[in-house]
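Take a look at the structure below.
The values are calculated or read from the model by the stated rules, or taken from the named source; none is laboratory data. A quick note: this is a predicted structure, and the numbers were derived from the prediction, not measured. Neighbour counts run over all protein chains shown; Cβ positions are idealised from the backbone, glycine included. The accessibility values were calculated without ligands, DNA or RNA, using every heavy atom of the protein model including side chains. Shrake-Rupley method; radii C 1.70, N 1.55, O 1.52, S 1.80 Å.
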Amino acid sequence: MYASWPCPLATGGTGEEMVLGFDQQRSIRILVIAPLFTEANKFRRQITEIMRLLDDLGIDCFCPDLPGCNESLQPHGEQTLALWRKAVTAAAGHFSASHVLAIRSGAWLAPETAPGWLLAPPRPDQILRGLIRAHTIALREAGTPADTAAILEDARREGVTIGGWAFGAELVRELSSETFAPADRQEIIAQDRLGGPGLWLNAENHFDAQQAQALADILASDLGLS
């Protein structure tokens with residue numbers, strides 16, 4: 001299930017990153033793009049269970065680590081949306097993906113030419129501002145005066161570390177300014193179609209079997225497998 005894949009590096013060439021995959025050389029091959037930042041951990045088990053269900057339906061699926069994410073040894077603070085998009089495009093080609101399933105902020109990275117599904121994608125600036133707010137609260141609770149607007153402005157120039165995650169200035173500027181819209185062949189799946197609240201709202205990591213099954217059922221229906 002776990003293997004490695006050749007991920008492009010910012011400096012050129014490739015480096016090995018991990019991938020969770022179910023591969024039996026079947027015709028439907030879904031590239032799963034995990035959410036970024038703090039939501040990555042909250043969806044880790046959920047993604048694994050979704051992929052198990054897709055495998056049971058006769059679908060190959062792959063969830064690759066991206067540079068600086070999950071088990072990657074690359075520095076998170078050196079990554080940008082542009083670099084992650086390059087990595088996702090390379091992964092789609094390497095695994096001969098026929099479709100993509102992008103979850104939350106992973107939707108920002110989905111190749112525009114790939115058909116598929118985007119689960120509850122947020123706006124980039126929405127995620128950034130939520131992270132900055134949490135950082136501001138943590139600083140104040142530690143007795144350090146902090147202003148959200150000032151932190152965001154400094155982060156655009158110098159980057160920032162939030163909850164152990166290093167954000168380079170370029171990534172902060174991308175998140176501040178980029179808009180998001182799905183590609184023509186990518187369907188947005190609203191969270192309410194899964195029959196429960198979003199896992200990103202939980203304070204702790206969580207797993208929801210009913211939501212995993214609901215998402216697998218939607219994909220199976222769209223693919224004509226049910």
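What the table below lists for this structure:
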item: At least 18 Å along the helix axis (C-alpha) and Kyte average at least -1.0, DSSP helices within the chain; result: 44-56, 81-94, 124-141, 209-222
item: Relative contact order, percent, the chain [alpha-carbon distance under 8 Å, six or more residues apart]; result: 22 percent
item: Of all accessible heavy-atom area on the chain, the percent that carbon and sulfur account for (1.4 Å); result: 50 percent
item: Segment residue 38-residue 191, extension gain: residue separation times 0.36 nm, minus the distance between their alpha carbons; result: 53.2 nm
item: Heavy-atom accessible area per residue - the chain, 1.4 Å, Å²; result: 48 Å²
item: Label-point separation, residue 201 to residue 226 (7 Å along Cα→Cβ), nm; result: 2.3 nm
item: Per-residue [θ]222 nm for the chain (sum of -39500 (n - 2.57) over DSSP H runs n ≥ 4, rounded to 500); result: -11500 deg cm²/dmol
item: Kirkwood-Stokes translational diffusion coefficient of the chain, alpha-carbon pairs, 20 °C, 1.002 mPa s, µm²/s; result: 118 µm²/s
item: Between region 169-226 and region 1-56, the alpha-carbon center distance in angstrom; result: 15 Å
item: Those residues of region 185-201 whose amide nitrogen sits under 20 Å from the label point placed on residue 210, 7 Å along Cα→Cβ; result: 189-201
item: Cubic angstrom per residue, convex hull over Cα atoms of region 120-162; result: 72 Å³
item: Rounded Å value of the spacing that divides the Cα centres of region 131-155 and region 100-119; result: 31 Å
item: Under-5 Å amide H pairs with residue 14, H placed in peptide plane, nonlocal only; result: 9
item: Environment charge of residue 22, counting only residues whose C-beta is closer than 11 Å and scoring Lys/Arg +1, Asp/Glu -1; result: -1
